[in-house]
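The values are calculated or read from the model by the stated rules, or taken from the named source; none is laboratory data. In this text the structure is predicted, and so the values were computed from the model without any measurement. Positions of Cβ are backbone-derived with ideal geometry, glycine not excepted, and every protein chain shown enters the neighbour counts.
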Amino acid sequence: MRLLRLGLVGLLLPGVLAAQDQRLAERLDPTTATAVQLLVDSAGQAGLPTEPLVQKALEGSTLGASGDRIHAAVTTLVGQLGRARDALGGGADGGEGDGFGAAHRGGRN
């Protein structure tokens, strides 16, 4: 599984690095940074908040977690955010007037 992921990351690496969150590039090894950035990009395209994902990866780095563990934690968080969105508003995209957007903003409009 890891080899497949590494191969995919290697193929996508040049295009992803241009749009990569600099904090990930500075704090994570290149393979992990790219894998996490792919998750962040996918989550953003799905209308999920991305900053919590970046923060989770940076937290893992601070705690000395391995790249595989950081990737697993961010993947888990993507799933949790998706389920929360579904529970709060179905296809909510975080915009005004939906439950997920309000919850993500802490109830602020």
Taking the range 52-73 on its own, how many of its residues are under 15 Å from Arg27 (Cα atoms) and outside any loop (DSSP other than H, G, I, E, B)? 15
Quick one: in the range 74-95, of everything that is touching a Phe, Trp or Tyr at 6+ places or on another chain (Cβ under 8 Å) and outside any loop (DSSP other than H, G, I, E, B), which residue is modelled with the lowest pLDDT? Gly89
Give me a count of the residues in the range 31-48 that are surrounded by fewer than 19 Cβ atoms within 10 Å (Cβ to Cβ) and polar (S, T, N, Q). 3
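Being of a type in the set (Asp, Glu), at pLDDT 95 or above and more than 11 Å from the chain's Cα centre (by Cα) narrows it down to one residue among Asp68, Asp98, Asp41; which is it?
Details: Asp98 fails: at pLDDT 95 or above; Asp41 fails: more than 11 Å from the chain's Cα centre (by Cα).
The conditions single out Asp68.
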